[in-house]
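Notes to accompany the following structure.
The values are calculated or read from the model by the stated rules, or taken from the named source; none is laboratory data. All values reported here derive from a predicted model rather than from experimental measurement. In this analysis, Cβ positions are derived from the backbone assuming ideal geometry, glycine residues included, and neighbour counts consider all displayed protein chains. With ligands, DNA and RNA removed, areas are computed over all heavy atoms of the protein, side chains included. Shrake-Rupley method; radii C 1.70, N 1.55, O 1.52, S 1.80 Å.
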Amino acid sequence: MLYKRDQLLVEIQVALNSDGVAQSLPKTPFGGIWIHHIVNSEVFSDFLKSILSFVKEKGGTELIITQASCLYSPHSDTVQYFLQKEGFELVHAQNHHFFEGKKKLKAEQKLLSAKYNKKLKENGLKVSVGNIQSFNFLNEIKAWNQSRGYKISFDENQLISQVSAFPERYFVISVIQGVDYIGHALAVKLTSKSIYYFLSAINPKTKVKLAGELIMVNLIKLAVEQKASFVDFGSSEVEGVPNHSLIFFKSKFSNCTRNKYTWKRQL
């Protein structure tokens, strides 16, 4: 962390594994360096060098940083410029779909509600949105995704621990037909201005084709209710390969895309 007169200017949080790999932050959407107040470029460059020295002194042999996009951190492009200049190698790029703009979100939510409320009634569907009261939905998400041949990438115990620590930040969106759940999505308020589409699944046996669309519509509604500035619909990759049908689907509910980059440097 870098302070000036007790004011936090720049920070990064890093976890060091027993194998010498340091990462900011593992098993999270991103970590990275956060510039809270503009600092001189030379000061920032020195801060970056001090991070490398500190991690190396602690026994680290490699540092991995996944930097948040500029929507989350307005100075991310500056950070990534200096990472490259300091010898970091770009090892992965992930494209995320976003819907940004408070006023635009409100306008979009009104349009989508008018369009989909009628479809809800026609198909005998309901949608519930709220904080997590039970983790039973995780079992259905796992089962549905496994039946489609998808790899389960989340750590259930870690997720439960995070929800327990910040229950007000986690929301579950469920699509219901009669007494049966046919779709779930887990949304996270990562920052005061963002809603992140973290995890979802649709029951592969359902004949209802609206479930995925209803989840997206209610993510936007949730963002408006939480006074967020944008919704992050996440990436559209399956094991590192672009899923073109998912990219097309998310593009119908987004108004921009941003890239998230992962950098690595040997120490």
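Kindly point out which whole DSSP H helices in the chain project their C-alpha atoms 18 angstrom or further along the helix axis while averaging a Kyte-Doolittle hydropathy of 0.0 or above. It would help to have the intermediate numbers written out before the result.
On the way: long enough: 41-57 (24 Å, 0.44); 102-122 (30 Å, -1.54); 211-225 (21 Å, 1.30).
Correct list, ordered by number: 41-57, 211-225.
What is the Cα centroid distance between region 159-226 and region 244-267, reported in whole angstrom?
19
Using a Cα-Cα cut-off of under 22 Å, which lysines could be cross-linked to K58, ignoring same-chain neighbours fewer than 8 residues away?
Straight-distance partners of K58: K27, K49, K264.
Could you give the distance between the Cα centres of region 1-50 and region 65-139, to the whole Å?
24
Based solely on its DSSP helices, what 222 nm [θ] is calculated for the chain when runs of n ≥ 4 H residues each add -39,500 (n - 2.57) and the sum is averaged over all residues, nearest 500 deg cm²/dmol? Don't jump to the answer; show the numbers that get you there.
On the way: 7 runs with 93 residues, N = 267.
After summing the helix terms and dividing by residue count, I get -11000 deg cm²/dmol.
From the cross-link list K126/K205; K121/K189; K118/K151; K106/K250, which pairs have alpha carbons spaced over 25 Å apart? All intermediate terms of the calculation are to be shown ahead of the outcome.
Details: K126/K205 18 Å; K121/K189 29 Å; K118/K151 35 Å; K106/K250 18 Å.
Too far apart for the 25 Å limit: K121/K189; K118/K151.
Would you mind getting the accessible area per residue of the chain, heavy atoms of the protein chains only, 1.4 Å probe, in Å²? Spell out each step's value before the answer.
Numbers: 14480 Å² over 267 residues.
Using a 1.4 Å probe on heavy atoms only, each residue of the chain averages 54 Å².
Tabulate in residue order the Karplus-calculated ³J(HN,Hα) for region 173-188, using 6.51 cos²θ - 1.76 cosθ + 1.60 with θ = phi - 60°, rounded to whole Hz; enter x for Gly and Pro.
Going residue by residue, I get 10, 10, 9, 10, 10, x, 10, 9, 7, 10, x, 9, 9, 9, 10, 10 Hz, with x marking Gly and Pro.
Given a cut-off of under 8 Å on Cα pairs at least six residues apart, what relative contact order in percent is computed for region 4-58?
Working: 42 pairs, mean separation 17.3, N = 55.
Over region 4-58, the number comes to 32 percent.
Of [x] 13.5; [y] 24.8; [z] 15.6, which one was derived for mean projected area of the Cα convex hull in nm² from the structure shown?
Recomputing mean projected area of the Cα convex hull in nm² here picks out [z].
Of V10, V224, which has the most accessible area and how do the rest follow, probe 1.4 Å?
V224, V10
Just read off the accessible area of S41 with the full protein assembly in place, 1.4 Å probe, to the nearest 10 Å².
70
Suppose a student asked you for the relative contact order of the chain, using Cα pairs under 8 Å spaced at least 6 residues apart; what percent would you report? All intermediate terms of the calculation are to be shown ahead of the outcome.
Working: 432 pairs, mean separation 69.8, N = 267.
It comes to 26 percent, rounded to a whole number.
Would you please name the GluC sites (Glu not before Pro) within region 175-267 that are DSSP coil residues with at most 13 other C-beta atoms within 10 Å of their C-beta? Walk me through the numbers on the way to the answer.
Values: sites: E213, E225, E237, E239; in loops: E239.
The qualifying sites are E239.
Add +1 for every Lys or Arg and -1 for every Asp or Glu among the other residues with Cβ under 13 Å from the Cβ of F82, and state the total. If you can, show how the numbers build up before the last one.
Working: positive: K49, K85, R265; negative: E42, D46, D77, E86.
In short, -1.
Subtracting the Cα-Cα distance from 0.36 nm times the residue separation, let me have the gained length for Q162 to A114 in nm, one decimal. Mind dumping the intermediate values first?
On the way: separation 48, 0.36 × 48 = 17.28 nm, distance 3.50 nm.
Between Q162 and A114, full extension yields an extra 13.8 nm.
Quantify, in whole percent, the carbon and sulfur part of the accessible surface of region 143-267 (1.4 Å probe; protein heavy atoms only). Before the final figure, lay out the partial values.
Working: 3140 of 6230 Å².
Of the solvent-accessible surface of region 143-267, carbon and sulfur hold 50 percent.
Using a Förster distance of 51 angstrom, determine the FRET efficiency expected from the C-beta separation of V91 and S134, and round it to 0.05. It would help to have the intermediate numbers written out before the result.
Details: r = 38 Å, r/R0 = 0.75.
The formula returns an efficiency of 0.85 here.
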